[in-house]
Structures are given as structure tokens and as C-alpha cells.
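What follows is one structure encoded as C-alpha cells, with my remarks underneath.
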Amino acid sequence: MAERLVLYDSYFGNTAKVAKAIGEAIGAVVKKVDDIQPEDFEGLKIFFLGSPTRAFRPTQKAQFLLQMQKGKLAGVKGSVFDTRIPADKTNSGFLRFMVKLFGYADAKMAKAYKKTGATLALEPAGFAVLDSEGPLAEGELERAIEWAMAILS
């Protein structure tokens, strides 16, 4: 039973890198969503969830929060994050339009996170990848660590 948990799903390893950097920075257990057990939520104080943005939403596995009992994470604080191709860094007008219309995974995860009773203590964050398979943009791991460390203050 850990007091701090970072859960993630990852297709190409980029979200896993961010999750592991966050976990190391805040002293959290880091697990892939596939490996989660109900007891992992017992005694939990800090909880982060990360997913790549796939089709403008979190992965199917990262959407497990939608099935979680309302109020199950009352008293827990944390946030959500995604990895994404930033619309403002692309030449694709179509991608910019679609992002404007549908958004990224972080907003959808944040909504589900709040329904569990947990407190969204940090604004949801998105970390940039240079292409759909990555790599992460320069400085994004450092930015993720700085963002997550704010939960400890």
C-alpha cells in the first residue's frame, strides 16, 4: 500500500517516461494501468494518472476512472496528464481544427478524476511529443517534474 501513486498507459513509451520521471521526483509507486490492483488505492494520498492522447481522448485502459465508484478517492489529491502533438506546433490545419473541436486527453481524464471524489490539486498538463511515436520534445521531462513537485508544497 503506497501513499503516492502514478498510473499510466503508454503506446510508444513517451507517457511511461513522463510517469516514471514524476514518480521518481515525488517518491511514488509507478504502475502501468494494466497492473493496477484494487488495494493500490487503499491509503492513497497522492494520485496522478497519465495517458497518451489517442483520437483526442485517453486510451481505453486509462478511462478506468469512468467505472470507478463515485467518492472512492475522497481525500486523495493529484492530477492528470497526457502526451500530445501540440496543435500550435504543427503545419496541419486539420489537426488544429480537430484539437479545437475535441481537445486533448487531459480534460476528459480531469472530469473523470473529479467524479471519483479526488481533488484536482494541479491543473491538468500536456507534455509535447514531436511526432505520434515521439520522442518527447526537449525539456518536457524537466517540465513534468517541476509541475508534479508542486503537489508537495
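State which residue is surrounded by the fewest Cβ atoms within 10 Å (Cβ to Cβ) when the search covers only region 115-153 and only residues that are within 25 Å of residue 68 (Cα to Cα) and among the polar types (S, T, N, Q). Show your work before the answer.
Filtering region 115-153 down to residues within 25 Å of residue 68 (Cα to Cα) leaves 115-126, 148, 151.
Then drop every residue that is not among the polar types (S, T, N, Q), which leaves 116, 119.
On the way: 116: 18, 119: 15.
Filtering region 115-153 for residues that are within 25 Å of residue 68 (Cα to Cα) and among the polar types (S, T, N, Q), the one surrounded by the fewest Cβ atoms within 10 Å (Cβ to Cβ) comes out as 119.
Rundown of residues vs (1) under 13 Å from the mean Cα position of the chain (by Cα); (2) under 15 Å from residue 83 (Cβ atoms), yes/no style:
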residue	(1), (2)
4	no, no
11	no, yes
15	yes, yes
18	yes, yes
28	no, no
31	yes, no
40	no, no
43	no, no
59	yes, yes
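Quick check: anything in region 42-51 under 22 Å from residue 111 (Cβ atoms), touching a Ser or Thr at 6+ places or on another chain (Cβ under 7 Å) and not hydroxyl-bearing (Ser, Thr, Tyr)? Yes: region 42-51 contains one or more residues that are under 22 Å from residue 111 (Cβ atoms), touching a Ser or Thr at 6+ places or on another chain (Cβ under 7 Å) and not hydroxyl-bearing (Ser, Thr, Tyr).
One line per residue, one yes/no per condition, for (1) at pLDDT below 90; (2) farther than 17 Å from residue 125 by Cα; (3) open to solvent by less than 20 Å² (accessible area, probe 1.4 Å):
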{"residue": "2", "(1), (2), (3)": "yes, yes, no"}
{"residue": "18", "(1), (2), (3)": "no, no, yes"}
{"residue": "22", "(1), (2), (3)": "no, no, yes"}
{"residue": "36", "(1), (2), (3)": "no, yes, no"}
{"residue": "41", "(1), (2), (3)": "no, yes, no"}
{"residue": "53", "(1), (2), (3)": "no, no, no"}
{"residue": "59", "(1), (2), (3)": "no, no, yes"}
{"residue": "66", "(1), (2), (3)": "yes, yes, no"}
{"residue": "92", "(1), (2), (3)": "yes, yes, no"}
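For region 4-16, the tally of residues that are touching an Asp or Glu at 6+ places or on another chain (Cβ under 9 Å) and open to solvent by 30 Å² or more (accessible area, probe 1.4 Å) stands at 2.
Quick one: is residue 100 of a type in the set (Lys, Arg) and surrounded by 14 or more Cβ atoms within 10 Å (Cβ to Cβ)?
Working: of a type in the set (Lys, Arg): yes; surrounded by 14 or more Cβ atoms within 10 Å (Cβ to Cβ): no.
Against the criterion (of a type in the set (Lys, Arg) and surrounded by 14 or more Cβ atoms within 10 Å (Cβ to Cβ)), residue 100 does not qualify.
Residue 84 satisfies every condition listed in (1) of a type in the set (D, E, K, R); (2) more than 17 Å from residue 19 (Cβ to Cβ); (3) open to solvent by less than 100 Å² (accessible area, probe 1.4 Å) except (2).
The values are calculated or read from the model by the stated rules, or taken from the named source; none is laboratory data. The structure displayed is predicted, hence computed values, not measured ones. For neighbour counting, all protein chains shown are included, and Cβ atoms are generated from backbone atoms with ideal geometry for every residue, glycine included. SASA here: full protein model, heavy atoms, side chains in, ligands and nucleic acids out. Shrake-Rupley method; radii C 1.70, N 1.55, O 1.52, S 1.80 Å.
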